[in-house]
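Take a look at the structure set out below.
Quick note: the coordinates plus some simple rules give every number you see, no bench work behind them. No experiment lies behind these values; they were computed from the predicted model shown. Cβ coordinates were reconstructed from backbone atoms using ideal geometry, including for glycine residues, and neighbour counts include every protein chain displayed.
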Amino acid sequence: MVGASSGIGLGAAVALAEAGAKVTLAARSLDRLSPVAEALHDAGFQADVLELDIQDLEGTEQTIASREPFDVLVNSAGLARHGPALETTVADFDAVVGINLRGAYFLTRAVARKLIEAGKPGSLINISSQMAHVSGIDRVVYSATKHAIEGFTKGMAIEWGKHGIRVNTICPTFIRTPLTEQTLANPERVEWILSKIKLGRLGEIEDVMGPVTFLASDASAMITGTALMVDGGWTAG
Ligand code: NAD
């Protein structure tokens, strides 16, 4: 579980722990992860922690290689630097691509490599976005990276199907987390968002917990190379 220190990643960790999984909470800082792991332990669940910065490709590869293979990956690490395309800086472009695409790609590959070496099946889930299927105001670079995640998800699903490794994405709409705090503090943006979500409300972290559990489990055994929209109907029209 990468990006487990907050938001959707944290919700996914709780969901899988509740479903009986032993979860490894991974993020850049153990300071934020350790209290979550302790809370899960106190609630009777199994959890450990792992320091991982997916921007550091070599470090990520080595860390994953040094562990027992993970049956399930939920990659919820992500970054957004929203703004108009005409004002995108190279630094912001590189930062967002570095985590959302480059980091996600090599993390997913590292987990799959370990599974393939061990001859084990697995379910690899990247938290993508509805912005992988449409774009939105000031979301040019962000949506480009999310579209790219869909591409590598399909490619990896094709390549690793023979190993029993499934690769899918979950594509949420706007969910209240630290990532969306700034956008959701802007009444104009909230009006735009609510005009698009057919179910007429913002998403909550709980809305992603069922989909994560589904894709992680054998209930989705025949599902690979696809995107599970959790968008309240945004992309339907
Ligand atoms: P968040 O900011 O709460 O979580 C992002 C997580 O990524 C944090 O735990 C952070 O520590 C981790 N992270 C960032 N850089 C990292 C790195 N280099 N290495 C390891 N971890 C790193 O935001 P969130 O809303 O929970 O976002 C989680 C994912 O969901 C992101 O990929 C985001 O694009 C996606 N998403 C969010 C929404 C939304 O509305 N919140 C909608 C669609 C998709």
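Taking 0.36 nm per residue of sequence separation and subtracting the Cα-Cα distance, how much length would be gained by fully extending the chain between ASP94 and SER66, in nm to one decimal?
7.2 nm
Under the definition of Cα pairs under 8 Å and six or more residues apart, what whole-number percent is the relative contact order of region 7-229?
After rounding, I find 22 percent.
For region 190-221 and region 48-95, what is the centre-to-centre distance using only Cα atoms, to the nearest Å?
If you average the Cα positions of each part, the centres end up 22 Å apart.
Please check: in the Gaussian network model of the chain (C-alpha springs, under 10 Å), which one of LEU73, LEU101, LEU30 has the largest mean-square fluctuation.
Residue with maximal mean-square fluctuation among LEU73, LEU101, LEU30: LEU30.
How would VAL90, VAL190 line up from fewest to most surrounding beta-carbon atoms within 10 angstrom?
VAL90, VAL190
Would you list SER220, SER66, SER29 from fewest to most Cβ contacts within 10 Å?
On the way: SER220 18, SER66 8, SER29 11.
Fewest to most other Cβ atoms nearby, the residues stand as SER66, SER29, SER220.
What nm distance separates the two modelled labels at GLU181 and SER135, each placed 7 Å from Cα along Cα→Cβ?
2.8
Of THR213, ALA157, GLN46, which is farthest towards the positive pole of the chain's charge dipole, taken about the Cα centre with +1 and -1 on the beta-carbons of Lys, Arg and Asp, Glu respectively?
ALA157
Which order do peptides 175-184, 44-53, 162-171 fall in by mean Cβ count within 10 Å, highest first?
Sorting 175-184, 44-53, 162-171 by mean packing, highest first, produces 162-171, 44-53, 175-184.
Cβ under 14 Å from ARG102's Cβ, ARG102 left aside: what net charge do those residues give with Lys, Arg +1 and Asp, Glu -1?
Within the 14 Å Cβ shell, the charges total -3.
Fewest Cβ neighbours within 10 Å first, please rank PHE174, PHE93 accordingly.
Working: PHE174 26, PHE93 15.
Ordered by Cβ neighbours within 10 Å, fewest first: PHE93, PHE174.
Lys and Arg at +1, Asp and Glu at -1: add these up for the other residues within a Cβ distance under 12 Å of ALA15 and post the number.
Around ALA15, the charge tally is -3.
May I ask you to derive the relative contact order of region 178-237, considering only C-alpha pairs under 8 Å and at least 6 residues apart, and to give it as an integer percent?
Here the relative contact order equals 39 percent.
Listed highest first by mean packing, meaning other Cβ atoms within 10 Å per residue, what order do 112-119, 126-133, 6-13 come in?
Ranked from most to least packed, the peptides come out as 126-133, 6-13, 112-119.
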